[in-house]
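Below is one structure, written out as structure tokens, with a few remarks after it.
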Amino acid sequence: MKKFLIIANWKLNGNLKFINKNINLMTKKIDNSLSFCNLSIAPPYVYINYINNFLKNTSISLTAQNVDIHLQGSFTGETSIKMLKDIGIKYVITGHSERRLFHNESNNLVSQKFILIKNNGLIPILCLGETEEQKKYNQTEKIFIQQINNIIKNSNINILNKTIIAYEPVWAIGSGKNANFSEIQKIILFIKKYISSLNKQVAKNIYFLYGGSVNYSNINTFFKKNIINGFLIGKASLEIENFIALVKKTEKIISLLNRS
Ligand code: PEP
């Protein structure tokens, strides 16, 4: 059974007080209560190994928000995949719209990162999302195919095997305006169909997350037909009591779906 994956992306937020409180509450209140969900935290880099030490004997994993394409050397300010592997990080995000927008990350760079993460045994989370403008002009499918093809071209179709694709419409991130289930379903099924046309088994082995203004009140709307395998959550993961309630609610919904 595929577990439902919830990733808390803390972005550039938090301090030691926030981290200590949040990790303490998560390990006490969520860790032992999850059977149908996996929880992962993507904290700012400076805290990642500190948190790692607290999570060692728990079921909660760590996600890196970014990685450099170089393995070592004179690249001031960067972190390599070898370092993430060294401390046991499980997932790495690549292609997040904030990195594409604020750090000019191109499809090509995102592809290089994706391939590097996968080839080093960590799990890449490829974020794909269209802007309001791209949505208006029906460019969503085209830009997603370009990104996927770019990855395949620089490697091969098997590079996508057992990886994660997060559909994150740019217009939904942090806006309070989530995509509705039928919009998400349409996109995920489109990507699945495209990858399936290249390799059926690889398509089956991809996890699909949705991200974009997911919160405690709207999660009920996302669980139909097993289309979404998890959430990538920004803003709603910063309010710890609400986030714990969201994780518990998700666990309950998934457990009921599994019984029916
Ligand atoms: C994100 O940035 O990945 C995200 C999903 O943010 P939010 O939940 O705040 O929309």
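Quick notes on this one:
- Other-chain or far-sequence residues with amide H under 5 Å of Cys37's (modelled H): Phe4
- Virtual spin-label span in nm between Phe190 and Asn218, 7 Å along Cα→Cβ: 1.9 nm
- Less than 5 angstrom separates the built amide H of Tyr216 from none of the residues sequence-distant by 5 or more or on a different chain.
- Residue-by-residue Karplus 3J(HN,Hα) for the range 165-179, coefficients 6.51, -1.76, 1.60, Hz, glycine and proline x: 10, 10, 7, 10, x, 4, 5, 9, 6, x, 9, x, 10, 7, 6
- Solvent-accessible heavy-atom area per residue, rounded to whole Å², over the chain at 1.4 Å: 49 Å²
- Distant-in-sequence amide H partners of Phe231 (H built 1.01 Å from N, under 5 Å): Leu5, Ile6, Ile7, Tyr210
- Asn138/Glu239 FRET efficiency (R0 25 Å; Cβ-Cβ; nearest 0.05): 0.10
- P(r) weight above 23 Å for the range 85-184, C-alpha pairs, percent: 27 percent
- Under 12 Å, Cβ to Cβ, from Gln72 - net charge with Lys/Arg +1 and Asp/Glu -1: -2
- The calculated 222 nm mean residue ellipticity attributable to helices in the chain amounts to -13000 deg cm²/dmol, summing -39500 (n - 2.57) over DSSP H runs of n ≥ 4 and dividing by all residues.
- Calculated over the range 1-54: convex hull of Cα atoms, volume per residue (Å³): 81 Å³
- Note that the range 4-259 shows a convex hull volume over its alpha carbon atoms of 126 Å³ per residue.
- Solvent-accessible area of the chain (1.4 angstrom probe, protein heavy atoms only): carbon and sulfur portion equals 51 percent.
- Within the range 79-121: backbone nitrogen closer than 15 Å to the Asn156 label point (7 Å, Cα to C-beta): 119
- Part-to-part distance (alpha-carbon centres) for the range 97-137 and the range 190-245, which is given in Å: 17 Å
- Relative contact order (percent, whole number), the range 4-259, Cα cutoff 8 Å, 6+ residue spacing: 20 percent
- Packing-based ranking, highest mean first, of 137-144, 20-27 given that Cβ atoms within 10 Å are counted: 20-27, 137-144
The values are calculated or read from the model by the stated rules, or taken from the named source; none is laboratory data. Since we're looking at a predicted model, the values are computed, not measured. All Cβ positions, glycine included, derive from the backbone under ideal geometry; neighbour counts span all protein chains shown. Surface areas here come from the heavy atoms of the whole protein model, side chains and all, with no ligands, DNA or RNA. Shrake-Rupley method; radii C 1.70, N 1.55, O 1.52, S 1.80 Å.
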